[in-house]
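For reference, the structure discussed in these notes is given below.
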Amino acid sequence: MQLLLNQRMPRVRQLVLKADLYNSDDRRVDQPPTYHLMAYRLPSMDELYVRDAYVLMEKPICFNLRQLHLSNSDFGTRLLSLPAFLDILRNCDRLEKLEVAKYIDYTAPGGPPFLSLCDHVHLQWISIQDEPEIVSKIYSRLVIPPQVDLQAIGEICLQAEHAATAILPRNRHTVWPLLRKATLVRVNDSEDDYGALEGRRNGRGVGVYLHRREEGPTLGISGRTEGVVFRTLLKQTAIFEGSPVDTLDLVGNVKTVPPELWYGTLDRFPDVEDLNIADIPCEDPEETLRRVIPMLYSPSSNQPGRVLCPQLDRLRLRGVIRNEYLLIELHQALSNRIRRGARVLSQLVLNLYSDMEDTWSAEELVRWHNVLGGVAKVVHLTVGNPDEWLGDAPWIDPNMPMN
């Protein structure tokens with residue numbers, strides 16, 4: 001490979017360097033290869049992807065880079081010291097996207113206490129993936145402008161609650177200024193191998209992701225059944241407390257969340273206008289949305305005399321329905337909200353699924369549509385078969401035509 005890199009390649013804009021960590025005898029090599037990149041040989045290169053290799057770059061190459069991706073296949077070998085990484089990053093003042101995965105040796109001494117990226121005016125996106133403590137240490141050495149999308153991906157085994165705390169930079173409100181400005185907060189535990197907590201504003205955001213380590217014990221299906229990640233991330237929404245959050249999306253195994261955690265999560269964001277809750281069960285589906293409904297008329301601890309989320313204007317629920325008791329309780333809850341001074345909802349979207357043999361008739365749906373019309377100006381109500389469960393779609397877009 002180095003022989004090829006020694007050739008002049010004036011038209012190459014994207015370079016991908018991926019080393020093989022195993023020799024012809026299928027034995028792991030002792031040291032990853034080192035490649036030397038010379039500026040005069042790669043004058044046009046502005047995208048560099050490196051995996052399982054160490055790269056020495058001349059400064060002019062750094063000046064040209066728009067995208068830099070550095071990754072390692074495992075946790076055994078750290079290829080770049082943190083001071084050296086910060087030095088490279090300082091020189092990449094045209095950088096737009098940065099992705100680093102299991103590549104940085106944070107134990108190496110030296111380097112600046114922090115690096116400000118505020119003069120990197122083209123920077124749009126940073127993703128750092130590693131053990132949670134290492135992600136925190138790397139981010140803690142950076143000052144990042146608010147226009148940058150951020151991802152912190154923690155590789156975990158079983159201690160999800162510890163990981164969700166350890167991954168946060170020690171000066172997180174300085175490093176991640178969006179924590180105090182987010183208008184949308186989303187918790188998503190609908191996938192087998194990761195859970196996500198995101199905050200966004202005007203298309204930009206910061207995301208904390210807990211990712212299952214391939215070589216470790218699985219969180220997978222069993223982890224989602226127990227709701228460990230979902231509960232952990234609901235608690236961690238506290239990092240956005242004080243932000244002007246008007247949209248709250250909560251997707252996960254609703255059954256596993258105790259009432260006090262639902263209350264604390266909703267009470268944390270009094271300005272919410274758009275609330276979306278989707279149940280993603282892992283075992284036999286249950287009518288678990290009924291656990292959330294009482295929270296809709298519970299009193300706020302922040303605003304005496306008012307209910308939780310007093311500004312709520314749009315409510316979307318997705319989950320299982322067994323009989324009409326869920327709709328009865330929902331109607332009562334929304335009626336109690338109105339009696340306690342809350343506004344009538346402008347929109348109520350219910351994407352429900354029934355595993356009962358007798359399907360809901362069109363007449364029954366029309367009747368309940370009219371009943372719920374007393375607590376919401378616009379109602380979208382669908383009851384489908386569990387076979388139609390859309391695992392990747394927490395709810396149907398209410399602007400789409402309903403069947």
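Table for the structure above
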| read-out | value |
| --- | --- |
| Straight-distance crosslink candidates among lysines, where the alpha carbon sits under 24 Å from Lys102 and sequence neighbours closer than 8 are dropped | Lys18, Lys59, Lys137 |
| Per-residue ³J(HN,Hα) for segment 90-100, Karplus 6.51 cos²θ - 1.76 cosθ + 1.60, θ = phi - 60°, Hz, x for Gly and Pro | 4, 7, 8, 7, 9, 4, 10, 9, 10, 10, 10 |
| Neighbour net charge for Ser301 - beta-carbon separation under 14 angstrom, K R +1, D E -1 | -1 |
| Prolate/oblate/rounded label for segment 310-356 (Cα gyration tensor, a/c 1.5) | oblate |
| Beta bridge orientation in segment 80-209: antiparallel %, DSSP, nearest 5 | 35 percent |
| Segment 103-152 - Rg (one decimal) and Dmax (whole number), Cα, Å | 11.4, 30 |
| Cleavage-rule hits (GluC sites (Glu not before Pro)) in segment 35-121: DSSP loop, at most 16 neighbouring Cβ within 10 angstrom | Glu58 |
| Most to least packed among 244-250, 12-18, 141-147 [average Cβ atoms within 10 Å] | 244-250, 141-147, 12-18 |
| Cβ-defined net charge surrounding Asn351, 9 Å radius [Lys, Arg +1; Asp, Glu -1] | +2 |
| Mean separation of Cα contacts under 8 Å (6+ apart) over length of segment 49-134, as relative contact order % | 31 percent |
| Under 5 Å, built H, 5+ apart or other chain: amide partners of Ala101 | Leu70, Ser71, Asn72, Gln129 |
| Net charge of Cβ neighbours under 13 Å - reference Leu250; Lys, Arg +1; Asp, Glu -1 | +2 |
| Cα gyration tensor category, rounded, prolate or oblate, for segment 248-374 with a/c compared to 1.5 | oblate |
| Whole-Hz couplings from phi, Karplus 6.51/-1.76/1.60, listed for segment 293-301; x for Gly and Pro | 3, x, 5, 5, 10, 6, x, 7, 7 |
| Fully extended contour minus Cα-Cα distance, from Asn91 to Ala108, at 0.36 nm per residue | 4.1 nm |
| Per-bin percent of Cα-Cα distances, segment 53-134 [10 Å] | 17, 52, 29, 1 |
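The numbers here are math on the coordinates, done by the rules we state, and not lab data. What you see is a predicted model; the values in this text were computed from it and never measured. Counting neighbours? That spans all protein chains shown, and the Cβs are built from the backbone with ideal geometry, glycine included.
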